[in-house]
1. Assess whether LEU22 counts as being aliphatic (A, V, I, L, M), touching a residue at least 60 places away in the same chain (Cβ under 8 Å) and closer than 21 Å to ARG78 by Cβ.
2. Residue by residue through the range 118-142, note down the ones that are within 18 Å of PRO53 (Cβ to Cβ) and open to solvent by less than 20 Å² (accessible area, probe 1.4 Å).
3. Of all residues in the range 53-93, which are aliphatic (A, V, I, L, M), open to solvent by less than 50 Å² (accessible area, probe 1.4 Å) and touching a residue at least 40 places away in the same chain (Cβ under 8 Å)?
4. Have a look at ILE3, ILE21 and point out the one that is part of a strand (DSSP E or B), within 27 Å of the chain's Cα centre (by Cα) and either at pLDDT 95 or above or closer than 25 Å to LYS104 by Cα (or both).
5. Being under 21 Å from the mean Cα position of the chain (by Cα), within 30 Å of ALA99 (Cα to Cα) and of a type outside the set (A, V, I, L, M) is true for just one of ARG208, ARG220. Which residue is that?
6. Return the residues of the range 195-212 that are polar (S, T, N, Q) and either within 11 Å of PRO179 (Cβ to Cβ) or in a loop (DSSP other than H, G, I, E, B) (or both); say none if nothing qualifies.
7. Specify which of the listed residues (SER226, SER151, SER170, SER198) is under 23 Å from THR93 (Cβ atoms), modelled with pLDDT of 95 or more and among the hydroxyl-bearing types (Ser, Thr, Tyr).
8. Yes or no: MET12 among the aliphatic types (A, V, I, L, M), in a helix (DSSP H, G or I) and open to solvent by 40 Å² or more (accessible area, probe 1.4 Å)?
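The values are calculated or read from the model by the stated rules, or taken from the named source; none is laboratory data. Owing to the predicted nature of the structure, the values given are computational and were not obtained by experimental measurement. As a convention, Cβ positions derive from the backbone with ideal geometry for all residues, glycine included, and neighbour counts pool all protein chains shown. Calculation scope for accessible area: heavy atoms of the full protein, side chains included, ligands and nucleic acids excluded. Shrake-Rupley method; radii C 1.70, N 1.55, O 1.52, S 1.80 Å.
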Amino acid sequence: MHIDILTLFPEMFTGVFQSSILKKAAEKEKFSYNMVNFRDYTKNKHLKVDDYPYGGGAGMVLTPQPVFDAVSAVKKDRQTKPRIILMCPQGETFTQRKAEELAKEEHLIFICGHYEGYDERIRENLVTDEISIGDYVLTGGELGSMVVVDSVVRLLPDVLGNQESAPEDSFSTGLLEHPHYTRPADFRGMKVPDILLSGDHAKIRNWRKEESLKRTYNRRPDLLRSYELNEAEQKMIDEIRINEGKE
């Protein structure tokens, strides 16, 4: 996978891309990336990339020319058909499912806006996806694109040390993940559940499934509406409801 990020502030990405999993993934050539300052593509003699909105109003709007030309340049360099992602608070809310979808792509281009917004022609004629990381507004799309890139790259083959980690993540299965424990078994009187020390893998799997269902039921019951429970899971949910006095 190759990722191009169009931004007016490429320096913001240095710490994120030079740390942790993203750094290791790039070093192992599991993906490559390029920061593109689309100001370099403006034809404005003052190097402006924004202008006042037609019809009046507060704030400045990104003009289409620098963004269109920057996208054309990176597409030409790669000779691919990329997904072009506009980071925007009006976009679809980012989910693990979307991350899994994007992880299958060969080339991603992220457009990180600033100021009041984008010229609508960018949205209508250039991008393939609009993504929001939540119902709030940031000063620009850079932080949001970092979130999306991190969640996508960790799903690429051989990026994580344990290949079973990503498929078992919260949301990947449709449920929140079960609790985790490690050594010591007794920390200041707080003990690890006995079943995890039993060595009985079938019982441990069953416990983890029940805890996953319980955590989802209590914290994100909305997820259960789109999750297809099998007979054993439905029985677990019924027992959870009874035990918690909700039945």
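1. So LEU22 passes the test.
2. Correct list: ILE122, GLY140.
3. MET60, VAL61, LEU62, VAL67, ALA70, VAL71, VAL74, ILE84, ILE85, LEU86, MET87
4. After applying the criteria, what remains is ILE3.
5. The unique qualifying residue is ARG220.
6. SER198, SER212
7. SER151
8. It is true that MET12 is among the aliphatic types (A, V, I, L, M), in a helix (DSSP H, G or I) and open to solvent by 40 Å² or more (accessible area, probe 1.4 Å).
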